[in-house]
Amino acid sequence: MPNTDSSNAQPGEKLYTIGTVAKLTGVGAITLRAWERRYELIQPVRKQSGHRLYTRRHIDLINRITALTSQGMRISQIQPEMLESGTSSDRGDVASEDVWRNYLDDMIAAVIAFDESRLEQVYNNVLSLHPIELVTRNLLKPLLVELGLRWETEKGSIAEEHFFAFYLRNKLGARFHHRSLQGDGPRLLIAGLPGEFHEIALLLFALAANERGYRLLILGANMPFQELPVVAAKAACDAIVLSGAMEPSNGLLSNGLRRLVKESDIPVFVGGQVSVSACNHIHRAGAIALGHDLETGLQKMEDQLARDAA
């Protein structure tokens, strides 16, 4: 059985139930148990009662596994050393992790206190020292997960999430407004799924795509499927990218998404949490699931568009 540093909890480390982890990662409890028993990829903390508990490091590990599977790798092909490799260069040494953990703690404290001036101070300080891609990966995404965990475990509140979401939406919106318009890459139509009102993941994806030279047309949250093919054709878009965090309504993917794919002459991609939890439905509709990891999703989209252009 593999011996990874994510198999044991550190003293005082927060622990989360399998139900909470399933909601946050989009990976069901049955699948998580299979990854543990059959493939020995995850070793959760076990209470004397036999209940499984997971740490933040387990959550990161699960996200790395889903990133690999979203690239087309079968779960049986994934080895523990694959999950360990690729993290050292990205995350740096322990000292570097401590620095990002301190940033995270400072921003969480500001959110809990609803202290926007303190939040602004910490965020601006981090941006002055690190590129936005690193800040997104090592701070913003973990912070969103942490706030979600606080709400799930009733240690936080919806108000905390709304407070930070409004703040971050304004910051990202301003950054996007001042983005470079000189890209010469494929043109993407980016929108939220119908009934989806979360825009943070959509904006993070848009900024990352802009950094890679894509040209963007963003329509925001809760876009009706039937309008997208017309807009994409008028704007000469090369692909449609949809984002969703919430569980979609019945028939949205099996009927609505399938119709959108048929009526569009360009590839349709779906990212965000829903692209993990409803991956099979997305593929059956003829669309392409990108997963919820930004860099992996962008690379998967880039590879697909390159194959289509060949």
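Every number in this text was worked out from the coordinates using simple rules, so none of it is lab data. Note that the structure is predicted; figures quoted are calculated from it, not measured. Cβ coordinates were reconstructed from backbone atoms using ideal geometry, including for glycine residues, and neighbour counts include every protein chain displayed.
Applying 1/(1 + (r/R0)^6) with r as the Cβ-Cβ distance of Asp184 and Glu247 and R0 = 45 angstrom yields a FRET efficiency of 0.75. Using just its DSSP H runs of length 4 or more, each adding -39500 (n - 2.57), the chain gives a mean residue ellipticity at 222 nm of -15500 deg cm²/dmol after division by all residues.
Multiplying the residue separation of Gln48 and Ile158 by 0.36 nm and removing their Cα-Cα distance gives an extension gain of 36.3 nm. Residues of the range 207-245 with the amide nitrogen closer than 14 Å to a label point 7 Å from the Cα of Ala309, along Cα-to-Cβ, please. Within reach of a label on Ala309: 212-216, 237-239. Stokes-Einstein diffusion for the chain at 37 °C, viscosity 0.692 mPa s, with a Kirkwood radius from C-alpha pairs, works out to 160 µm²/s. When peptides 132-139, 292-299 are ranked by their average number of other Cβ atoms within 10 Å per residue, the highest-first order is 292-299, 132-139. Annotation: extensible slack from Lys234 through Ala165 equals 21.7 nm (criterion: 0.36 nm per residue apart, minus Cα-Cα distance).
Subtracting the Cα-Cα distance of Met73 and Gln226 from their residue separation scaled by 0.36 nm leaves 51.8 nm.
Overall, the anisotropy analysis places the range 187-309 in the rounded class: the square-rooted eigenvalues a ≥ b ≥ c of its C-alpha gyration tensor yield a/c less than 1.5.
If a paramagnetic tag sat 7 Å from the Cα of Glu211 along the Cα-Cβ line, which residues of the range 141-164 would have the backbone N under 15 Å from that point? What the label zone holds, given the 15 Å backbone N cut-off, is 141-142. A cut-off of 5 Å between modelled amide H atoms, ignoring neighbours fewer than 5 places along the same chain, links Leu290 with Val270, Gly271.
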